[in-house]
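Everything below concerns the one structure shown next.
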DNA sequence: GCCAACGTTGGC
DNA sequence: GCCAACGTTGGC
């Protein structure tokens, strides 16, 4: 599989807001609108070349649908200064922006969704319990071994 | 700095 | 629509 030095992530998005098809059409996107400090900090620690699973949340069925690559990091999130945006943050200072984000590139859509149900059946690990009811973390790290297991399942589907 | 009230996420 | 989980806010 890929380079040994890269990290793996999972990013959630509601397909009604922004789904894998939107990314496929746009080819790449700024992952803006993140307003949770822990998620932001994970995004800050991303590096170019990292691989990210695209997870569809709040839909039927929820699950991993595709793969992305991190192509840029530490970009200012423009929505924080846009008073028309739902992500507008009046407390953010132009000189010291509170929110930043990464840029992601579309790699692929998997033939089959790896549903949350299947994930929960196949993994007992603490890692993927992070995908659960009430969890507000929309960006999370995935450890290398679990990532490899996920690739194995996803690529043969 | 504590903690109760409140808001959001997201599976079911 | 319900509600568990949990982050955020604000009074003190």
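So the values come out like this:
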{"read-out": "Pairwise label distance in nanometres, residue A:143 with residue A:37, each label 7 Å out on the Cα-Cβ vector", "value": "2.6"}
{"read-out": "Per-residue Cβ neighbour rank within 10 angstrom, fewest leading, A:155, A:149", "value": "A:155, A:149"}
{"read-out": "Ascending count of other beta-carbon atoms within 10 Å, so fewest first, for A:53, A:123", "value": "A:123, A:53"}
{"read-out": "For chain A, calculated [θ]222 nm from helices alone, where every DSSP H run of n ≥ 4 adds -39500 (n - 2.57)", "value": "-6500 deg cm²/dmol"}
{"read-out": "Order of A:156, A:69 - criterion: other Cβ atoms within 10 Å of each residue's Cβ, fewest first", "value": "A:156, A:69"}
{"read-out": "Cα-projected label distance for residue A:17 with residue A:72, points at 7 Å along beta-carbon direction, nm", "value": "2.2"}
{"read-out": "Computed log₁₀ I(q)/I(0) - Debye formula, equal Cα scatterers, no solvent, chain A, q 0.14, 0.21 Å⁻¹", "value": "-0.69, -1.51"}
{"read-out": "Label point distance in nm, residue A:84-residue A:28, each placed 7 Å from Cα along Cα→Cβ", "value": "2.6"}
{"read-out": "On Cα atoms only, tilt of A:144-156 relative to the major axis of chain A in degrees", "value": "70"}
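FYI, it's all coordinate maths here, none of it is from the lab. All values derive from a computational prediction rather than experimental measurement. Note that we place each Cβ from the backbone using ideal geometry, even for glycine, and neighbour counts take in every protein chain shown.
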